[in-house]
1. As a test of the definition: which semi-axes, in Å, follow for the chain when you take the square root of five times each eigenvalue of its alpha carbon gyration tensor? Largest first, please.
2. Please report the carbon-and-sulfur percent of the accessible area for the chain; probe 1.4 Å, protein heavy atoms only, DNA, RNA and ligands left out.
3. With +1 assigned to the C-beta of every Lys and Arg and -1 to the C-beta of every Asp and Glu, and no other charges, what is the dipole magnitude of the chain about the Cα centre in debye, to the nearest 20?
4. Using a 1.4 Å probe and counting only protein heavy atoms, arrange SER12, SER84 so the residue with the most accessible area comes first.
5. Distance in nm between label sites at LEU18 and SER70, each 7 Å beyond Cα in the beta-carbon direction?
6. Does anyone have the angle between helix 76-92 and the longest principal axis of the chain? Alpha-carbon axes, 0 to 90°, nearest 10?
Amino acid sequence: LPADTDSNPDQSYAIGRLKIILAIPPGIDMVETPELVLVNGVTQTAFDAGIKPLDTIVGVSTIDGAFQESTMVMNLDDTFRIISMTIAHARENGQDEIEVEVNRLLKGYYK
């Protein structure tokens, strides 16, 4: 995204992609916006694991990688369904965590 030259000409933004391990249940609330599903709220445990409000979940998997699904371009109901399927698969295999892949807007500065 272009920098807002009126406020700070050296400021810019980038999208970062992170993988975060979350306990089951993951402790996140989500909200649907036009063309995106955003993390809207998190428990302290989820926040400590690394997920933040306004992150966009783009993928979910079990820790062992046996179950992996993309959530890109999904609505809230489909994203929730995929996360629920991942949790069920993890529990069936004795796991108590899942991995989420998120996009995060990162603020940067040019020097």
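1. Values: eigenvalues 175, 41, 29 Å².
Ellipsoid semi-axes (Å, largest first): 30, 14, 12.
2. Values: 3650 of 6970 Å².
Using a 1.4 Å probe with all protein chains present, the chain comes out at 52 percent carbon and sulfur.
3. On the way: 8 positive and 17 negative charges, 59 e Å.
So the dipole magnitude of the chain works out to roughly 280 debye.
4. Numbers: SER12 20, SER84 45 Å².
Ranked from most to least accessible, the order is SER84, SER12.
5. 2.3
6. Tilt of helix 76-92: around 50 degrees.
The values are calculated or read from the model by the stated rules, or taken from the named source; none is laboratory data. These numbers were taken from a predicted model, which means no experiment stands behind them. Using ideal geometry, Cβ is built from the backbone for each residue, glycine included, and neighbour counts are taken over all protein chains shown. What goes into the accessible areas is simple: the full protein's heavy atoms, side chains included, and nothing from ligands, DNA or RNA. Shrake-Rupley method; radii C 1.70, N 1.55, O 1.52, S 1.80 Å.
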